[in-house]
Every structure is written in structure tokens, then in C-alpha cells.
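Beneath this line is the structure, given in C-alpha cells, with notes to follow.
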Amino acid sequence: MPVHKVRPDISVLKDSLEVPGIGHLPVNSFVLLAAQPVVIDTGLGLPDRNFLEAVGSVLDPADVRWIWLTHPDRDHTGGIFDLLDAAPEARVVTTFLSAGLMSCERPLPLDRLYLLNPGQTLDVGDRTLTGFRPPLFDNPATVGLFDDRSGVCFSSDCFGGPMSSAELAHADDVAAVDVEELRAAQLLWATVDSPWVRNVDIEKFLGTFQTLLDREPELVLSTHLPPAHGITDSMIDTLGSAAGESAFVGPDQAALEQMLAGFEPAGEERRPAPGTPG
Ligand SMILES: [Fe+2]
Ligand SMILES: [Fe+2]
């Protein structure tokens, strides 16, 4: 996993996943070098990913004091138990609901939890982190955060967008993406990840952006977007326009069968004809 130091105190651990028909979805996690170091989300759990190694390229994992789990979806929990093992002093900052959802598969140890709701704060030595509920989310346990010292916003799934290539998904700055392409990608992701936006009361929905408007973060770090410098207003404008958009509808069985049929010739080639040696 490539690592990009986006600020002296913040590193992006980059990863991405190709979603057929949608694009290359960035799946970032972050290391915040506060006096008490914080890891924000823990990436994909795929066997070829070594999350601890990526963390270890920034700091000794044993020094991690907090693991802020924005929500317990599987693209955020990949390295969490390895990191808990490697960082004996670390506690998982998350919600009661998140801990409950984790317990459906593998419970987080209760004595390693720190339960924090939107609006509550965490003192990490040299700064305070403030939890907030991002305007868009796909899991009711979601809590993003503001670093009150740097002003950076960690927005979890919100502001995400699938990219047209793995290279763009791993870009150091989303400015590498064409403005219109970015807008379309973020609107698509809004309807994929938060299909409920089609039913919202527009005034109330726009009101959920107020915390972001008040804080005016210069840098937004989404799990599912390259780092976004200086474009918070336009990204808010994009997501605000998602209200009432039709929900994404994925491929159905007929489409899957068509896709599989498209794979068959290659499969046939690999399969030796009956009686063929070797
Ligand atoms: Fe999610
Ligand atoms: Fe996610």
C-alpha cells in the first residue's frame, strides 16, 4: 500500500478496489501523528493487503494510542484486530452501535473501546478531535471527525467517488481529476452509498452540511476519494444536489449471465480438449 504524507502530521495509506461497472474506488485509511497517535480506519481485509506494514512505514505500530473506526463496514475494519494486537495501549474510538455490529462477526474487546458520539470530543494530547455525523453515510454507526488543530476533516464514506483508473484512485490530490468527472463520480457514489438521498426533505438535508460550512475545512480526507484541498465548497454544492437523485440500481442476474458468457471463450482456451496431452 503506497503511503502519502499529505501534511507533516497526516499520512494517507492508499488502497483501492475495482468495482465492475462503477470504477476504481479509493479505500484510504489515515495516520494522524498527534501526541497520542491516531489511526483512522483500517482498510480492506483482503489477504494480500498488509495493513500493519503500511502503518509501520509511518510509525511503530506499538505507539498507536487510538484507532478511530468511523464505522464497521468491511472496507474500514480490515486491519483492526492485527493493529489491536500490535498496539497494546490502543483503544478503538467508535459508537455503541458500531461495537454491536462488530460483535456479529468478531467482538471488539470491551476494555479496548472508547465510545464517542457525534458532537463529542477526544483529547489526544496536543489537539482535540471532534466527532461529527457526515451528511452522507451508509451505516448508522458513522462518525467522522475534525482535527481541531489542523482543521482537517476526515469524512468517512462521505464525498467519495469512484475514479476512472487505479492511478487516479491513488492520486495525491483529487485535483488530478477533471472537475466535471469528479462531480459525476461523487453524485454516482452518493446514489450508490446513500440511496436514501432520493427521499430527503431538501431543506433539512442541506442543513446537515452546516457543521462543514461552519468549520470550512481546507483539506477533506474521505475514505473513498483522493485528498481534496481547497474545494470543500464545490464538493458541498455537488452533494447538496444529490437530494432527490434516483438510487443506483446494480446489474441483475441477466446482466451477470451475460458477463459470465463473455468470459467463456478465455475459459475454454485454458481447458484442454478431451484426449489432449498435458
Ligand atoms: Fe460504508
Ligand atoms: Fe466505506
Residue of A184, A242, A99 that the Gaussian network model of the chain assigns the largest fluctuation, springs spanning Cα pairs under 10 Å: A184
Compactness relative to 2.2 N^0.38 Å, alpha carbon Rg of the chain: 1.08
Under-5 Å amide H pairs with T70, H placed in peptide plane, nonlocal only: D41
Where the range 43-193 is the region considered: accessible area per residue in Å², 1.4 Å probe: 42
Under the rule of at least 5 residues apart or a separate chain, name every residue whose amide H is placed under 5 Å from the amide H of R91. W66, I67
How high is the relative contact order of the chain, given as a whole-number percent (alpha carbon pairs under 8 Å, six or more residues apart)? 16
Determine, for each peptide in 121-130, 21-30, the mean count of other beta carbons within 10 angstrom over its residues, then list the peptides with the highest first. 21-30, 121-130
Residue-wise HN-Hα coupling along the range 6-11, computed from phi with Karplus coefficients 6.51, -1.76, 1.60 (Hz; x: Gly, Pro): 7, 8, x, 9, 9, 10
Top of P61, P195, P109 by mean-square fluctuation, Gaussian network on the chain, Cα under 10 Å: P109
Around S150, what is the net charge, scoring Lys/Arg as +1 and Asp/Glu as -1 over all other residues with Cβ under 14 Å from its Cβ? -1
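Determine the sum of side-chain charges near V249: Lys and Arg each +1, Asp and Glu each -1, restricted to other residues whose C-beta is under 15 angstrom from that of V249.
So the environment of V249 carries a net charge of -2.
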Between K5 and L46, what's the calculated FRET efficiency when r is the beta-carbon distance and R0 is 35 Å? Round to 0.05. 0.90
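Within the set of other residues whose C-beta is less than 12 Å from the C-beta of D9, count the net charge using Lys and Arg as +1 and Asp and Glu as -1.
+2
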Distance from the Cα centre of the range 106-153 to that of the range 1-42, in angstrom? 16
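Ignoring any ligand, DNA or RNA, what whole percent of the accessible area of the range 3-262 comes from carbon and sulfur when the probe is 1.4 angstrom? Present the calculation step by step, with values, prior to reporting the outcome.
Numbers: 5980 of 11480 Å².
Looking at the range 3-262 in its full context, I get 52 percent from C and S.
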Based on the mean of other Cβ atoms within 10 Å per residue, sort peptides 225-238, 203-216 so the most packed one is first. 225-238, 203-216
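The values are calculated or read from the model by the stated rules, or taken from the named source; none is laboratory data. All values reported here derive from a predicted model rather than from experimental measurement. Backbone-built Cβ (ideal geometry, glycine too); neighbour counts: all protein chains shown. In case anyone asks, the SASA skips ligands and DNA or RNA and just uses the protein heavy atoms, side chains included. Shrake-Rupley method; radii C 1.70, N 1.55, O 1.52, S 1.80 Å.
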